[in-house]
Amino acid sequence: KAGVTQTPRYLIKTRGQQVTLSCSPISGHRSVSWYQQTPGQGLQFLFEYFSETQRNKGNFPGRFSGRQFSNSRSEMNVSTLELGDSALYLCASSFSGVNEQFFGPGTRLTVL
Amino acid sequence: AQSVAQPEDQVNVAEGNPLTVKCTYSVSGNPYLFWYVQYPNRGLQFLLKYITGDNLVKGSYGFEAEFNKSQTSFHLKKPSALVSDSALYFCAVRARYGQNFVFGPGTRLSVLP
């Protein structure tokens, strides 16, 4: 079974730009979660989608948004990028709420 | 609210010695508990989970964890550490279906040859 894939793997943007990250979950998984990982803040939860509906949302500003498509693929968008948005963005999928999450390799976003 | 604590930022252990990485949690009701490992420049890899049943859970790569409800702990253990076990370890909790995972801050394990 193919694992969770994330594209692109690396991104360099400048302040004020916007970016879209993509995540393809493991086949059959309906839950997709997004996390921001930084050295200082650890792993911070952004949001979770389940069957195209946002089920949970973390404490991030409205510049961070996401969506999930009918095939469970998910995208995350960050508008008006700030220097502090530089981080590793991780996507994770799971079959259901009680199951473990499987993580993708992440997208490394650098904001200059 | 859910929370996870990993009281040690760093754990050092000699190769061949037993290792323990500590985790305590706070959650309403019965928790779903997980351990993940992250190698440099990689995503997180699932090690093991506790949902219900036997308090001692066995996982990948010879790791195991013990659920202690009275102490609200879920410590990760391995009888004999390998240098290749050196990585960043995360404990996570999910209160119940429909709530998001909450991860601890991570513990960096260094196994010295």
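None of the figures in this text is laboratory data; all of them are computed from the coordinates on show. The shown structure was predicted, so the numbers you read here are calculated from the model rather than taken from an experiment. Please note: Cβ atoms are built from the backbone with ideal geometry, for glycine as well, and neighbour counts cover all protein chains shown.
Over 12 Å apart: what share of the alpha carbon pairs of the stretch A:48-100 falls there, rounded to a whole percent?
On the way: 977 of 1378 pairs.
That tail contains 71 percent of the Cα-Cα pairs.
Less than 17 Å apart at the alpha-carbon level, and either on another chain or at least 8 residues along: which aspartates and glutamates does that give for B:Lys58?
Answer for B:Lys58, where 17 Å is the Cα cut-off: A:Glu100, B:Glu66, B:Asp85, listed by chain and number.
From Cα pairs below 8 angstrom and at least 6 apart in sequence, can you work out the relative contact order of the stretch B:1-62, rounded to a whole percent? Could you put the intermediate results ahead of the total?
Values: 65 pairs, mean separation 15.3, N = 62.
Reported relative contact order: 25 percent.
With Rg and the Kirkwood Rh both taken from Cα atoms, where does Rg over Rh land for the protein assembly as shown? Kindly include the intermediate steps, with their values, before the conclusion.
Numbers: Rg = 17.5 Å, Rh = 18.0 Å.
In the protein assembly as shown, Rg relative to Rh is 0.97.
Just order B:6-19, A:65-78 by mean Cβ neighbour count inside 10 Å, highest at the front, would you?
Details: B:6-19: 13.8, A:65-78: 17.5.
The peptides rank, most packed first, as A:65-78, B:6-19.
Assuming a viscosity of 1.002 mPa s and a temperature of 20 °C, what translational diffusion coefficient in µm² per second does Stokes-Einstein assign to chain A, Rh being the Kirkwood radius over Cα pairs? Please report the intermediate quantities before stating the final value.
Details: Rh = 13.9 Å.
So the translational diffusion coefficient is about 155 µm²/s.
When the gyration tensor of chain B is built from Cα positions, what are the square roots of 5 times its three eigenvalues, in whole Å, from largest to smallest? Display every interim value, and only then the final one.
Details: eigenvalues 109, 42, 29 Å².
Equivalent-ellipsoid dimensions as semi-axes: 23, 14, 12 Å.
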